[in-house]
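The values are calculated or read from the model by the stated rules, or taken from the named source; none is laboratory data. Note that the coordinates shown come from a computational prediction; the quantities given were computed from them, not determined experimentally. Ideal geometry is used to build each Cβ from the backbone, glycine not excepted, and the neighbour counts take in all protein chains shown. Heavy atoms of the whole protein, side chains included, go into the accessibility calculation; ligands, DNA and RNA do not. Shrake-Rupley method; radii C 1.70, N 1.55, O 1.52, S 1.80 Å.
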Amino acid sequence: MDKQIIICIGRQYGSGGHEIGEKLSRRLGISFLDRKMLDKLVTSIKVDKNAADKYKRKRLFTRESDIVMDSVGAVVNELQFDYITEMADSGVSFVIVGRLGDQVLKGRENVITIFITGDKHARIERIMSKYKVDLETAKEKISRHDSNRKRFHNSQLRNSWGNAKRYDLCLNSSKLGIDKSVDYIIDYLMLRYGRSKF
């Protein structure tokens, strides 16, 4: 890809946003980042006490956050955010799902922010099928994961998670399904960048 493109995907639990991100990265031939991959990268790095202390004293996002980091988890988050920033600075194109990518890379003109939602019944069915759980368990998982994602995201910028005005594109995957949602995003990229294909 001749021009760097970074696609940051936020999503409701059960909307298929992670799968959409993976398929989108494959279709575009670019890297894919998610929490699992970033956790693996960070845990492979040995962090000495001085580095951890430095991150503990650092505000996560000094522009807009009142949160002072004071836990190992927050140190890991900061290392992930540094990695995301370094990857963006390197000029490589990638898709990132979650991890506050839209906030970490805010203000860069090559960043596209997308939020994937889904109808509640479709999300429940997806979770029941994917994890082989009953209706009540699926509902509980959706409620818990969405609550955690919202709290994590909004701790850095209030009322931002799922707020349509903060994204370039919002998409209900229940209406199109996973593959057509990927097609729709690629169509958007072609229109935005004036290209006939990706």
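Some points to look at:
- Residues in the stretch 127-155 that are surrounded by 16 or more Cβ atoms within 10 Å (Cβ to Cβ) and over 21 Å from the mean Cα position of the chain (by Cα): M128, A138, K139.
- Search result, residues across the stretch 131-143 that are free of Cβ contacts under 8 Å to residues at least 24 places away in the same chain and not small (G, A, S): Y131, K132, V133, D134, L135, E136, T137, K139, E140
- For the stretch 95-126, a tally of residues being crowded, with 21+ Cβ neighbours inside 10 Å and more than 19 Å from the chain's Cα centre (by Cα) returns 1.
- Considering the stretch 78-165, the qualifying helices (runs of 4 or more DSSP H), each wholly inside and each with 1 or more residues that are among the small types (G, A, S) and farther than 22 Å from R27 by Cβ, run over 120-131, 135-154.
- Hey, D48 modelled with pLDDT under 95 and surrounded by fewer than 17 Cβ atoms within 10 Å (Cβ to Cβ) or not: yes
- Conditions (1) among the aromatic types (F, W, Y); (2) open to solvent by 40 Å² or more (accessible area, probe 1.4 Å); (3) within 21 Å of the chain's Cα centre (by Cα); number of the one not met by Y167: (2)
- Applying the criterion of being among the hydrophobic types (A, V, I, L, M, F, W, C) and in a helix (DSSP H, G or I) to the residues of the stretch 170-179, the residue that is most open to solvent (accessible area, probe 1.4 Å) is L176.
- Pair list, Cβ < 8 Å and 6+ apart or interchain, from the stretch 180-193 residues that are over 14 Å from N110 (Cα atoms) and surrounded by 12 or more Cβ atoms within 10 Å (Cβ to Cβ) to residues that are at pLDDT 95 or above and not hydrophobic (A, V, I, L, M, F, W, C): S181/G16; S181/S173; V182/K23; V182/R27; I186/R27
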